[in-house]
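Below is one structure, written out as structure tokens; the observations come after it.
FYI, it's all coordinate maths here, none of it is from the lab. Worth saying up front: this structure is predicted, and the values here are computed from it rather than measured. We place every Cβ from the backbone using ideal geometry, glycine too, and count neighbours over all the protein chains shown.
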Amino acid sequence: MADLNKLNESIISGDLDTSVQITKEALAERTDPQEIIQKYMIPAMDVIGGKFERNEVFVPELLMAARAMKGSLELIKPFLAERGIEPRGRVVIGTVKGDLHDIGKNLVASMLEGSGFEVENLGVDVPSDKIVAVVQSKEVDIVALSALLTTTMPSMKDVIEALKDAGVRDKVKVIVGGPAVTQEFCDQIGADGYSENANGAVGLVRKLLTA
Amino acid sequence: MRTTGIQELLKSRSLLFCDGAWGTIFQSAGLKPGEIAELWNRDHRKKVLEVAHSYVDLGVDMIETNSFRGNGIALAGIGLEIDAAELNRLAAEISREAAGDKCLVLGSVGPTGKILMMGDVSENEMYDAFAVQVQAIEQGGADAICFETMSALDEAELAVKAAVENTNLEIICTFTFTKTVGGDYKTVMGVTPAQMAEKMLSAGASIIGTNCGNGMETMIPIVKAFRDFDSNIPLLVQPNAGIPKIENGKTVFPETPDEMASHVPGLIDAGVSIIGGCCGTTPDHITAIMNNSGRRE
């Protein structure tokens with residue numbers, strides 16, 4: 001029998017090889033793929049995310065856990081598709097126009113992916129119309145915007161206005177983040193949510209999708 | 001370990017001064033959001049020279065260069081396929097021209113924007129990119145290399161090594177630390193001041209310190225942490241003027257020159273050797289800092 005508790009531990013410790021190996025075993029034994037994710041993998045991301053928030057671990061540990069999680073998820077995805085199981089939600093993420101920083105945004109993308117959401121990462125310096133086009137053409141639940149520079153934070157508002165102009169603002173929830181972004185700024189520009197860090201973003205997306 | 005200009009100066013004076021931010025002044029001079037300031041070395045040389053002069057004229061002991069993001073990997077990461085060496089050489093030439101022999105020139109080198117463990121770039125690629133940048137800065141006439149705003153030990157070690165092996169310049173390295181939930185200071189990668197000091201000194205840096213962060217006051221416990229590790233090593237501190245806020249669509253750095261200057265005595269007591277400024281600081285901030293240090297011109 002595949003040791004699923006060890007899968008949980010291997011994700012927390014960022015051990016990609018072990019997590020992939022146990023996932024293969026579990027799938028070969030026809031373990032319910034959803035049970036693997038819900039009972040063992042997502043709780044692991046919750047544990048590492050909590051440690052990150054309490055500064056017990058830092059960016060390297062978080063990235064390694066997300067990588068182990070992603071390695072296992074890639075193996076499981078075809079089985080989910082086979083059963084017609086949909087992702088928990090679809091997120092489009094990008095760093096706004098004029099801003100070229102991608103580490104923080106990628107961290108949030110990894111955490112969301114690791115927590116079972118489908119994430120489309122549009123990269124950096126993303127113009128508003130590109131985001132609007134994605135929202136118009138696909139099923140999207142969440143638009144996540146990142147800005148490191150205070151000079152580019154106003155571009156977040158531009159995205160929201162562009163979504164309104166295109167008549168798709170109500171189709172999605174918009175969340176914002178970055179070192180100088182605050183809840184106050186989020187409210188000012190009419191975004192739906194703000195999170196201080198990558199782990200908080202996961203909780204925020206969960207909350208918005210169940211609201 | 002190399003000793004040249006800065007350490008010579010520190011033999012006769014216990015406290016030296018460095019310049020403040022450049023980017024903040026560039027923005028008021030018309031730099032647009034997302035525009036790469038380093039391109040101004042080529043396209044708006046006069047404006048860059050003016051900023052350099054505005055700090056040299058204060059009587060600081062050293063100024064930096066407009067090359068923070070001039071690493072080939074960082075430039076490529078933002079879609080600029082450009083001659084990184086040229087931009088860095090120009091940066092050093094401009095600062096040298098402004099500084100003359102009145103003050104020293106520190107070649108500013110920021111992070112690549114890549115995390116080694118993610119495997120996007122190899123150690124060799126990272127080393128080579130730093131080597132190109134520091135060589136160009138030396139060619140342009142700088143006196144020292146200042147690696148700054150680092151957070152990862154592996155990247156900073158490669159950077160320092162590239163400067164040791166490819167230039168004859170004095171090497172400074174500063175990291176950005178933030179306060180953890182537990183109250184001590186670490187980088188986003190989890191590195192403490194003591195860990196940073198140990199690795200950077202053994203890699204060949206002769207001056208270490210901290211920059212950016214969360215305002216002047218938070219620099220004091222970081223300096224103390226460095227001093228607990230080593231009581232003699234020269235320490236450079238370049239705080240930002242607090243965490244920026246947006247007010248009426250404009251970026252505002254909360255700490256005024258006087259507020260920043262009020263923490264200078266605390267920093268001196270903690271054992272700082274060189275004080276300058278990072279994001280949001282201006283010639284006015286540096287003037288206030290110098291005036292509150294007990295040093296009178």
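Per-structure values
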{"item": "In the stretch A:37-49, residue farthest from the other protein chains (Cβ to nearest Cβ) [restricted to those that are closer than 13 Å to A:ALA198 by Cα and buried (at least 19 other Cβ atoms within 10 Å of the Cβ)]", "result": "A:MET45"}
{"item": "Pairs, first farther than 21 Å from B:GLN7 by Cα in the stretch B:227-245, second aromatic (Phe, Trp, Tyr), C-beta under 9 Å, six or more apart", "result": "B:ASN240/B:PHE253; B:ALA241/B:PHE253; B:GLY242/B:PHE253; B:ILE243/B:PHE253; B:PRO244/B:PHE253; B:LYS245/A:PHE185; B:LYS245/B:PHE253"}
{"item": "Tally of residues being within 20 Å of B:MET216 (Cα to Cα), part of a loop (DSSP other than H, G, I, E, B) and touching a residue at least 12 places away in the same chain (Cβ under 8 Å) across the stretch B:159-180", "result": "2"}
{"item": "Residue match in the stretch A:99-115 (condition: of a type in the set (Asp, Glu) and farther than 30 Å from A:PRO33 by Cβ)", "result": "yes"}
{"item": "Filtered residue count, the stretch B:181-223, keeping only those that are among the hydrophobic types (A, V, I, L, M, F, W, C), touching a residue at least 24 places away in the same chain (Cβ under 8 Å) and within 11 Å of another protein chain (Cβ to nearest Cβ)", "result": "4"}
{"item": "Residues of the stretch B:134-158 satisfying the condition of being touching a strand residue (DSSP E or B) at 6+ places or on another chain (Cβ under 7 Å), closer than 30 Å to A:GLU61 by Cβ and part of a helix (DSSP H, G or I)", "result": "B:ALA156"}
{"item": "Residue in the stretch B:94-117 that is assigned to a helix (DSSP H, G or I), closer than 24 Å to A:LEU100 by Cβ and of a type in the set (Asp, Glu) present", "result": "no"}
{"item": "Elements of type strands (runs of 3 or more DSSP E) contained in the stretch B:181-257, each with 1 or more residues being closer than 22 Å to A:PRO60 by Cβ", "result": "B:207-212"}
{"item": "Number of positions in the stretch A:50-74 that are away from chain B (no Cβ under 14 Å) and buried (at least 18 other Cβ atoms within 10 Å of the Cβ)", "result": "3"}
{"item": "Restricting the stretch A:4-41 to residues that are in contact (Cβ under 8 Å) with a residue 12 or more places away in the chain, part of a loop (DSSP other than H, G, I, E, B) and over 22 Å from the mean Cα position of the chain (by Cα), the residue that is nearest to A:GLU86 (Cα to Cα)", "result": "A:THR31"}
{"item": "Residue ranges of helices (runs of 4 or more DSSP H) in the stretch B:1-72 with at least 3 members of a type outside the set (Ser, Thr, Tyr) and more than 14 Å from chain A (Cβ to nearest Cβ)", "result": "B:5-12, B:40-43, B:45-56"}
{"item": "Matching residues, the stretch B:54-88, being surrounded by fewer than 24 Cβ atoms within 10 Å (Cβ to Cβ) and more than 16 Å from B:ALA37 (Cβ to Cβ)", "result": "B:VAL56, B:ASP57, B:LEU58, B:GLY59, B:ASP61, B:ILE73, B:ALA76, B:GLU81, B:ASP83, B:ALA85"}
{"item": "Odd one out for B:GLU255 among (1) away from chain A (no Cβ under 14 Å); (2) in contact with a helix residue (DSSP H, G or I) (Cβ under 6 Å, 6 or more places away or on another chain); (3) without any contact (Cβ under 8 Å) to a residue 60 or more places away in the chain", "result": "(2)"}
{"item": "Residues within the stretch A:75-112 that are within 14 Å of chain B (Cβ to nearest Cβ), acidic (Asp, Glu) and more than 18 Å from A:MET153 (Cβ to Cβ), tallied", "result": "0"}
{"item": "Extreme residue, nearest to B:GLY110 (Cα to Cα), among residues of the stretch B:17-55 that are touching a residue at least 40 places away in the same chain (Cβ under 8 Å) and in contact with a Gly (Cβ under 8 Å, 6 or more places away or on another chain)", "result": "B:GLU38"}
